[in-house]
Amino acid sequence: MSIATTMPIMLTQVVAMFIMMMIGAALYKAKLVDNTGSAQIASVALYVATPAVILQSLATSFDPAKLAAGAACFALSFLFTALSAFVAWLYFRDRRRAAQLGIMISNMGFMGIPLVQNVLGEQYVFYISACIAAQVPLMWTYGVWLVSQDMANISPKKILTNPSVIAVVVGIVLFCCSVNLGGVFQVTAADMGNLNTGLAMLVMGTYLAQTDLRSLARDRNLYAASALRLLAVPALVIASLVFVPLDTAVKLVVVIALSAPCGTVSAMFPQLFGGDYRFGAGLVSLSTLLSLIVMPLLLAISLLVF
């Protein structure tokens, strides 16, 4: 694996994702999709397409080395997500809780999975699935408390019934039993999974369409949060992974997962629990735009370092 072979694929994928985002923005501007429609598209992506991709990636023949690497990805994702939360708290303290949530939770489902699929290959979705599973408990415990400031809103049931977590659990069982999806199940999972990238980018486009770019340019907190999410946290991840004995491609999966832009929960949770929804939407939009430039550079640096 080299920069010469990986970067053209990465750049092609990033440009394609940007074009899809522009299509989503155009659909919103043309009033062919409204906020309700955008939320419904996001639900289909979160509850159907992403779990289908995860399930398909895990339903392979058992391999002890692959299981160990997947467990390492889970542990690293959990550790760096917690570290991201600490970094966010150090900078913002009691201010801008939506920003802290966006710094802590990366958009590895919407942005990470498509990039891993197209840059590294379908088989590496196995590892980013482990990264996603590690973020879910932190998101639905500390993340919910951070925004709502109310422990009553923390629900273990929401963690256990999260579709991505269910897909990971079922997938691990299939993996340990060396059960490969076949026939109609394989076709269904593959076709549903193929919707993931397109749906995710359309949703991101609707966020962009609702963003006042002029107000974004004046809000220093948005730039600070985006810099912490896209630069500071990935720098810590890359520096730490140098000393971790993992395959280079698996390290790149972790880098992609943890250098993705701010998660959409930074807009969704404030809307659900009371907070600055507009700031969260602006943060998702700005960090997503900047990530189209930053993430290829981070991968290039990672290839040089690893």
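Since every read-out is calculated from the coordinates, none of them should be taken as a lab result. From a predicted model like this one, the values you see are computed outputs, not experimental measurements. Positions of Cβ are generated from backbone atoms using ideal geometry, with glycine treated the same way; all protein chains shown enter the neighbour counts.
Tabulated results
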{"item": "Point-charge dipole on Cβ atoms (K/R +1, D/E -1) for the chain, about Cα centre, debye to 20", "result": "660 debye"}
{"item": "Within the chain, helix-based [θ] at 222 nm, where runs of 4 or more DSSP H residues each add -39,500 (n - 2.57), nearest 500", "result": "-23000 deg cm²/dmol"}
{"item": "Sites A71 and V44, calculated FRET efficiency, Cβ-Cβ separation with R0 25 Å, nearest 0.05", "result": "0.25"}
{"item": "Estimated FRET transfer efficiency (V184, T12; beta-carbon r; R0 41 Å; 0.05)", "result": "0.80"}
{"item": "Using alpha-carbon coordinates, inclination of helix 183-193 to the longest axis of the chain, degrees", "result": "30 degrees"}
{"item": "Selected from I166, I113, I128 as most flexible by GNM, with the chain as the system and alpha-carbon contacts under 10 Å", "result": "I166"}
{"item": "Gained length - K157 relative to D219, 0.36 nm times residue gap less alpha-carbon distance", "result": "18.7 nm"}
{"item": "All lysines inside 22 Å of K66 as judged from Cα atoms, apart from same-chain residues fewer than 8 positions distant", "result": "K251"}
{"item": "Reach of K29 by Cα under 18 Å, taken over aspartates and glutamates that are not fewer than 8 positions away in the same chain", "result": "D212"}
{"item": "Label-reachable residues, the range 228-244, where backbone N falls under 12 Å from a point 7 Å from I301's Cα toward its Cβ", "result": "228-240"}
{"item": "Dipole of the range 3-297, positive direction: furthest Cα of A30, Q56, L246, with charges on the beta-carbon", "result": "A30"}
{"item": "Three-way shape call for the range 1-85 based on the alpha-carbon gyration tensor, with the a/c threshold at 1.5", "result": "prolate"}
{"item": "Tilt relative to the chain, helix 195-209 - C-alpha long axis, 0 to 90 degrees, to 10", "result": "10 degrees"}
{"item": "The chain shape via C-alpha gyration tensor axes, a/c threshold 1.5", "result": "rounded"}
{"item": "Additional length obtainable on full extension of the chain from D247 to A227, 0.36 nm per residue less Cα span", "result": "4.4 nm"}
{"item": "Max mean-square fluctuation residue, GNM over the chain, Cα-Cα springs under 10 Å, options T248, T197, T81", "result": "T248"}
{"item": "Degrees between helix 277-305 axis and first principal axis of the chain (Cα, 0 to 90, nearest 10)", "result": "40 degrees"}
{"item": "Within a Gaussian network of the chain (alpha carbon springs, distance under 10 Å), most fluctuating of V147, V15, V255", "result": "V15"}
{"item": "Unit charges at the beta carbon, dipole of the range 63-195: most positive-side option, L83, F175, C73", "result": "L83"}
{"item": "Spin-label zone in the range 83-119 - amide nitrogen under 20 Å from a point set 7 Å from the Cα of S240 along the C-beta vector", "result": "83-93, 100-109, 112-113"}
{"item": "Cα-only Debye scattering, the range 159-303: base-10 log of I(q)/I(0) at q = 0.11, 0.14 Å⁻¹", "result": "-0.58, -0.90"}
{"item": "Distance from the range 99-125 to the range 155-231 (C-alpha centre basis), Å", "result": "7 Å"}
